[in-house]
Every structure is written in structure tokens, then in C-alpha cells.
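The values are calculated or read from the model by the stated rules, or taken from the named source; none is laboratory data. Since this is a predicted model, take the numbers as computed values, not measurements. Virtual Cβ from ideal backbone geometry, glycine too; neighbours counted across all protein chains shown. In case anyone asks, the SASA skips ligands and DNA or RNA and just uses the protein heavy atoms, side chains included. Shrake-Rupley method; radii C 1.70, N 1.55, O 1.52, S 1.80 Å.
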Amino acid sequence: MLIFNSPSNPSGAAYSRAELKALAAVLLRHPDVLVLSDDMYEHIVYDGFEFTTMAEVEPALYERVLTMNGVSKAYAMTGWRIGYAGGPTRIVKTMAKLQSQTTSNPCSISQAAAVAALNGPQDFIAKRARAFQERRDLVVRLLNEAEGISCPLPDGAFYVYPSIAGLIGKSTPDGKRIETDLDFSTYLLEQESVAAVHGEAFGLSPHFRVSYATSSDILREACTRIQRACASLR
Ligand SMILES: Cc1ncc(COP(=O)(O)O)c(C=O)c1O
């Protein structure tokens, strides 16, 4: 099974229709491969990016794609613990069997809340995406001003995943060498009380992930601290 997530956590990268189509062409040559499409950040896209998903782009794959989503991001309802999926009957039936014998079901109050979110007014989604876009632009600009950091501009989600290749091999004011992205994120935490996730945790180094799902004031302060931390490395 190919587990596919676009827009992505941790990079914010998103596949265009043409890119999905190209990936689908490869999958069509490998009929034994199922696809799990994690569409969690469907509604958090920028600069007019058109969200698409595998089952829509390549109908010939329809019978082997499991499409998943949830209310955690689009409706900021993480604590309600509701996700949902659409896919081939045999897979969904098996999922239901497994869940009914383990947790029975998500609590009915959460289910009702999710239905209200999905059927209710949706106008805030575009407004919130614009607010996120401003935060993304702020964070990308400030991180690119930091010495040794190179930060691409993502199309979606609320993360950036900058490279710190320019900092590897440098030393902190206490004389500790930054050899990995874990060293760097530990340094940020200890020196500046800034929490970020090191890239190795996601399988691609030397990077680190910053979430910008917070206020512009906090982000400005955090990025200023990151800039200061980078400038202190020798
Ligand atoms: C890509 C992706 N999928 C799914 C989830 C799951 O969210 P939850 O377990 O809150 O529904 C997350 C949360 O961070 C995510 O980043």
C-alpha cells in the first residue's frame, strides 16, 4: 500500500493534478499496490492551488484507493477524534469489523458534532486559509533571513520544512557541534525555548519542521529567536 499525503505534513508540499496523474500512471503498471490517500489538509491550500485526489484524478484506480479525511484540521476539531474514509467495499467492511470489535465506535456526541461541521456554513474555511497564507509568508520570509537556513514556499498545510544544510558543522556558544538536525532542534529548545521537530523524525535530514498554526505575534517572536540562534553559531 502506498500511503500518500498531500498537502503534506511535514513539508506542506502538495501534488498538482498533473503530478497526481503521473503518479497514477506508475500505479497503473503495478496492479497489486493499494493506495491510502490522506487528504487531511484538503482545505488548507494557498495561492489558488487546486486540491485534487487520486480517486478523482484516475478513475481506473478507484477500486484500489482508500480516501481518508477528518475534522481535525479543516474544522479545528482535533479533540473530537473523528476521521472517515471512503474506499472499496471489502476494505471498508473489514475496517468496520475491526473497529466494532475493538473500540465499538467514536462517541456519538463527536459524530453529531462532525456532521454539524460538515453540513454547516463553510465560508470561514477560505477566510482562515487566507490568514494561514499570511502566516506562511511571514514565516518563510523570516526563516530565509536566518543565516544558514533555506526555506521553500509550500502550497498547503500549516508547516514549513526548511533545510539547515548551511548550519551543519557549526558550533553553539557553549562549544557543542551541530552535527544533525536533532542537535539543531535541541539547541533551539535549550537556547531559545523554541519547539520544532527535527527532520530525522520524518525521514529527511537535515531539515526541521515548524508549525505556523499559531498567532502572527508568536510566530514573529519565534522566528526572531531562530534568527538569533543561527547568528550565534560559529
Ligand atoms: C497528515 C495527517 N493525517 C492525519 C492526521 C490525523 O489527525 P487526527 O488524528 O487528529 O484526526 C494528521 C494530524 O496531524 C496529519 O498531519
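Can you tell me the accessible area per residue over the chain, all protein chains present, probe 1.4 angstrom, in square angstrom?
With all protein chains present, the chain gives 53 Å² per residue.
Using a 1.4 Å probe and counting only protein heavy atoms, arrange Met1, Met77 so the residue with the most accessible area comes first.
My answer, sorted largest first, is Met1, Met77.
Accessible surface of Thr67 in the full protein assembly, 1.4 angstrom probe, to the nearest 10 Å²?
About 40 Å², rounded to the nearest 10.
I'd like the orientation of helix 89-102 relative to the chain: the angle between its Cα long axis and the longest Cα principal axis, in ° from 0 to 90, rounded to 10.
The angle comes out at about 70 degrees.
Express in nm, to one decimal, how much length is gained between Lys21 and Asn144 on full extension, taking 0.36 nm for each residue of separation and deducting their alpha carbon distance.
41.1 nm
Taking the dipole about the Cα centre of the stretch 124-231, with the C-beta of Lys and Arg at +1 and of Asp and Glu at -1, give me whichever of Leu143, Tyr212, Ser185 is farthest to the positive side.
Tyr212
Measure out, as a whole number of angstrom, how far apart the alpha-carbon centroids of the stretch 79-101 and the stretch 175-216 sit.
35
Which Rg and Dmax, in Å, describe the Cα atoms of the stretch 2-119?
15.3, 44
First compute the accessible area of the stretch 2-119 with a 1.4 Å probe, then give the percent of it belonging to carbon and sulfur atoms.
Taking all protein chains in place, the stretch 2-119 shows 59 percent carbon and sulfur surface.
At a 10 angstrom cut-off on C-beta neighbours, averaged per residue, how do the peptides 194-200, 51-57 rank from highest to lowest?
Highest-to-lowest ranking by the protection proxy: 51-57, 194-200.
When averaged across all projection directions, what area in nm² does the alpha-carbon convex hull of the chain cover?
Averaged projected area of the chain's Cα convex hull equals 14.9 nm².
If each residue of separation counts as 0.36 nm, what is the full-extension length gain between Arg90 and Glu190 once their alpha-carbon separation is subtracted?
31.0 nm
Please compute the modelled spin-label separation between Arg177 and Ala231, points set 7 Å along Cα→Cβ, answer in nm with one decimal.
Using points 7 Å along Cα→Cβ, the separation is 2.7 nm.
Round to the nearest 0.05 the FRET efficiency obtained for Arg128 and Ala201 when R0 = 25 Å and r is the Cβ-Cβ distance.
0.40
Under the Karplus relation 6.51 cos²θ - 1.76 cosθ + 1.60, θ = phi - 60°, what is the ordered set of whole-Hz ³J(HN,Hα) values for the stretch 147-158, x standing for Gly and Pro?
Per-residue couplings from phi come out as 4, x, 10, 10, 10, x, 9, x, 8, x, 6, 10 Hz.
Modelling each spin label as a point 7 Å along the Cα-to-Cβ direction, I'd like the Ala76/Ile3 distance in nm, to one decimal.
Between Ala76 and Ile3, the label points sit 2.8 nm apart.
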